[in-house]
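Here the structure is laid out as C-alpha cells; the discussion comes afterwards.
Just so you know, all these numbers are worked out from the coordinates, no wet-lab data involved. Worth saying up front: this structure is predicted, and the values here are computed from it rather than measured. No Cβ is skipped: glycine too gets one built from the backbone with ideal geometry, and neighbour counts run over all protein chains shown.
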Amino acid sequence: MNIIILGPQASGKGTQAKLLSEGLGLFYFESGNFLREKAERDPRIDEIINKRGELLPDEETFNLVRDYLKEKVPTLDNFILDGYPRSLKQYQLLIDWLKEEGKKIDLAILLNISDQEAVRRLSARVVCEKCGSVYNLITNPPPGGKCQCGGNLTQRPDDRPEAIEKRLQTYHATTAPLIEVLKKDGILVEVDGERPIAVISDDLLKIVAGHGE
C-alpha cells in the first residue's frame with residue numbers, strides 16, 4: 001500500500017509516519033530532512049528553503065523526489081510519504097508518474113491540529129546538533145532532558161515565531177486545494193492530531209487495515 005500523510009507543521013505526521021512504516025513494513029520518506037540535506041550541498045536550495053523560508057518550485061521538488069524513490073523503492077510499492085506532496089501541482093505530477101508506472105496512491109491521511117496548537121508545539125521543538133534527532137519538549141521530550149547520543153539540543157531557525165507564522169500561511173495556501181482533490185478522489189481520511197501519540201497511532205493502524213479490506 002502507498003500512503004501520503006500530511007498536516008500542518010507540528011501535527012505529528014513524522015512521528016505517526018514512522019510508526020506506520022515500522023508497523024507495516026513500509027519505506028519511509030520524509031520530505032523535510034530530504035530537502036534540508038539537499039540544501040546542505042546546494043547554496044541555491046539553501047537560500048530558498050532555509051534563509052527565505054519558501055518552497056522549491058513544484059517541478060524541481062518532484063524531480064528530486066521521483067529520482068530518490070526510483071533509487072530506493074524500485075518497485076514503487078509499499079511506501080509512505082511524509083510531507084510530500086504539499087501542493088496540488090506536486091500531487092498531480094506524482095500520480096501521473098505513478099500511473100505511467102502502473103502504480104497509485106492508495107490512501108491519504110490528514111492530521112488536523114489548530115494553528116494555535118502548531119505554534120505551541122513548534123516553539124517547543126528541539127533538534128540534536130550531533131545526530132539530527134528531533135524532540136518536542138511538550139509531546140515527545142528527550143529522556144533525561146538531553147539526546148541519547150549526548151549531542152546538544154537547539155531550536156531550528158524556522159521554528160521561531162515569525163518563521164512559524166509564515167510557514168503556516170504557506171501551508172494553508174498550498175495545501176487547501178490539495179485536500180479538496182484528495183477528498184474528491186475518495187482516498188482522504190482526516191484524523192484529530194491533538195490527541196496522545198499512542199491513541200492516534202492505534203487509530204491509523206485500524207484505518208489502514210480497514211482500507212485494505
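Non-local lysine pairs in the stretch 96-183, meaning eight or more places apart or on different chains, with alpha-carbon distances under 25 Å, amount to 4.
In the chain, which helices (entire DSSP H runs) extend 20 Å or more along their own long axis, judged by Cα positions, while averaging at least -0.5 on the Kyte-Doolittle scale?
Values: long enough: 58-72 (21 Å, -1.38); 161-184 (34 Å, -0.42); 197-211 (21 Å, 1.19).
Answer set is 161-184, 197-211.
The Rg/Rh ratio for the stretch 142-213, using Cα coordinates for both the radius of gyration and the Kirkwood hydrodynamic radius, is 1.10. The simple Förster model, with R0 at 35 Å and r as the Cβ-Cβ distance, assigns Thr170 and Trp97 a FRET efficiency of 0.90.
Please give the Cα centre distance for the stretch 1-43 versus the stretch 132-211, rounded to the nearest Å. When both Cα centres are located, 10 Å separates them. The calculated 222 nm mean residue ellipticity attributable to helices in the chain amounts to -15000 deg cm²/dmol, summing -39500 (n - 2.57) over DSSP H runs of n ≥ 4 and dividing by all residues.
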